[in-house]
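Engineer: Submitted below is the structure of interest, expressed as structure tokens.
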Amino acid sequence: MTKQKTAKQSEVVMTEMVLPNDTNTLNNLMGGKLMHWMDIVAAIAAQKHSNRIVVTASADSISFKHPIALGNVVTLKAQVTRSFNSSMEVFIEVWAEDIPANKKTQTHRAFFTFVAVDQNGRPIEVPELVPETEQEKELYEGALRRRQLRLILGKRMDPKDAVELRAIFEPDFGKEGNGE
Ligand SMILES: CC(C)(COP(=O)(O)OP(=O)(O)OC[C@H]1O[C@@H](n2cnc3c(N)ncnc32)[C@H](O)[C@@H]1OP(=O)(O)O)[C@@H](O)C(=O)NCCC(=O)NCCS
């Protein structure tokens, strides 16, 4: 297995068009349809990083900033932000484009987590991710705190072990004399 891969190596860009079957009664793209596309583009990014079968473990921080209208062209970009043991966090950005009006808007962002599994569905180790750009480094740093938060909410981690997350709320946490 390749031991390290850059974030850029996992980049995937997918383009779709909003058709009548994809819309709600306001003629805007259904949230569920968009999440389906997000799941696909993010799964491909996680596959590119791990060269494994991957399963969706969680989808969080999905923000629906603007509706996407019928006929718009939707661009989804996904890239792995950080890998852990068998899991990978993927950052997804979405833009909607009204091509005749020459207008493109960023509409959504989200973080999904995928787990690489073997043929029997058992989690398997993935390569380490190396961030290169400033944005990749920022996403890499934040990934550890976001992982801690989702594992706490999923009752998979004791909040007192989330050192990096706690440091946001308790600036003195971890400093000499304040440890537990
Ligand atoms: C995801 C799955 C493989 C985890 O299996 P598990 O037996 O809980 O395995 P583990 O406890 O060893 O955890 C494996 C990894 O998953 C991560 N994980 C598990 N649940 C998670 C969650 N809700 N959010 C984020 N990460 C999660 C763990 O942190 C661990 O990561 P690490 O190896 O990088 O440290 C398993 O729950 C599964 O197959 N779920 C169904 C996935 C699926 O079918 N998705 C499609 C949508 S329906």
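The values are calculated or read from the model by the stated rules, or taken from the named source; none is laboratory data. If you're wondering where the values come from, they're calculated on a predicted model, not measured in any experiment. Cβ atoms come from the backbone with ideal geometry, glycine included; neighbour counts cover every protein chain shown. Heavy atoms of the whole protein, side chains included, go into the accessibility calculation; ligands, DNA and RNA do not. Shrake-Rupley method; radii C 1.70, N 1.55, O 1.52, S 1.80 Å.
Engineer: Determine the dipole magnitude for the chain: charges of +1 sit on the beta-carbon of Lys and Arg, -1 on that of Asp and Glu, nothing else is charged, the reference point is the Cα centre, and the result goes in debye to the nearest 20. All intermediate terms of the calculation are to be shown ahead of the outcome.
Structural biologist: Values: 23 positive and 24 negative charges, 63 e Å.
Dipole magnitude for the chain comes out near 300 debye.
Engineer: Note down the relative contact order for the chain as a percent, whole number, built from C-alpha pairs under 8 angstrom at least six residues apart. Don't jump to the answer; show the numbers that get you there.
Structural biologist: Numbers: 338 pairs, mean separation 41.0, N = 180.
In percent, rounded to a whole number, it is 23.
Engineer: If you don't mind, another one. Assign unit charges at the C-beta atoms only (+1 for Lys and Arg, -1 for Asp and Glu), then state the dipole size of the range 5-75 relative to its Cα centre in Debye, rounded to the nearest 20. Provide the component values of the computation, followed by the final result.
Structural biologist: Values: 6 positive and 5 negative charges, 55 e Å.
The calculated dipole for the range 5-75 is roughly 260 debye.
Engineer: Which trypsin sites (Lys or Arg not before Pro) does the range 81-180 hold that lie in a coil by DSSP with at most 14 other beta carbons within 10 Å? Let's see the in-between values first.
Structural biologist: Working: sites: Arg82, Lys103, Lys104, Arg109, Lys137, Arg145, Arg146, Arg147, Arg150, Lys155, Arg156, Lys160, Arg166, Lys175; in loops: Lys155, Arg156, Lys175.
Here the sparse-neighbourhood loop sites are Lys155, Arg156, Lys175.
Engineer: Any idea of the accessible area per residue across the range 59-112, 1.4 Å probe, to the nearest Å²?
Structural biologist: 43
Engineer: State the percent of C-alpha pairs, over all pairs in the chain, separated by a distance greater than 30 angstrom.
Structural biologist: Tail fraction, whole percent: 28.
Engineer: What dipole magnitude, in Debye to the nearest 20, does the range 82-180 give about its Cα centre under +1 on Lys/Arg Cβ and -1 on Asp/Glu Cβ? Mind dumping the intermediate values first?
Structural biologist: Working: 15 positive and 19 negative charges, 92 e Å.
Once rounded to the nearest 20, the dipole reads 440 debye.
Engineer: How large is ³J(HN,Hα), in whole Hz, for each residue of the range 85-91 in order, when computed from phi with the Karplus curve 6.51 cos²θ - 1.76 cosθ + 1.60 and θ = phi - 60°, using x for Gly and Pro?
Structural biologist: 8, 10, 9, 9, 8, 10, 9
Engineer: Continuing with this model, one more query. Can you find, among Val90, Asn21, Ser61, the residue farthest towards the positive end of the dipole of the range 1-97? Put +1 on the C-beta of Lys and Arg, -1 on that of Asp and Glu.
Structural biologist: Val90
Engineer: Quick check: at a probe of 1.4 Å, how many percent of the accessible area of the range 88-145 sits on carbon and sulfur atoms?
Structural biologist: On the way: 1380 of 3090 Å².
Of the solvent-accessible surface of the range 88-145, carbon and sulfur hold 45 percent.
Engineer: Then there's this: For the range 126-173, list log₁₀ I(q)/I(0) at each q in 0.24 Å⁻¹, using the Debye formula over Cα point scatterers of equal strength and ignoring solvent, two decimals each.
Structural biologist: -0.90
Engineer: Here's something else I'd like to know. State whether the range 1-78 is rounded, prolate or oblate according to the following rule on the C-alpha gyration tensor (a ≥ b ≥ c being the square roots of its eigenvalues): a/c under 1.5 gives rounded; otherwise a/b larger than b/c gives prolate, and the remaining case gives oblate.
Structural biologist: On the way: a/c = 2.78, a/b = 2.34, b/c = 1.19.
Prolate is the answer for the range 1-78, as a/c is 1.5 or above and a/b outweighs b/c.
Engineer: Using a Cα distance threshold of under 19 Å, what count of lysine pairs results for the chain when pairs must be 8 or more residues apart or interchain?
Structural biologist: Qualifying lysine pairs in the chain: 18.
Engineer: Further, regarding this structure: Could you point to the residue in Thr81, Leu149, Phe111 farthest towards the positive end of the range 75-150's charge dipole, with +1 and -1 charges on the Cβ of Lys/Arg and Asp/Glu respectively?
Structural biologist: The Cα lying farthest towards the positive end belongs to Leu149.
Engineer: So who's got an amide H within less than 5 Å of the one on Ala7, skipping anything under 5 residues away but keeping other chains? H placed 1.01 Å off N, in plane.
Structural biologist: Val130, Glu132
Engineer: Roughly speaking, what % of Cα-Cα pairs in the range 56-156 are separated by over 16 Å, rounded to a whole number?
Structural biologist: Working: 3194 of 5050 pairs.
Counting every Cα pair in the range 56-156, those more than 16 Å apart make up 63 percent.
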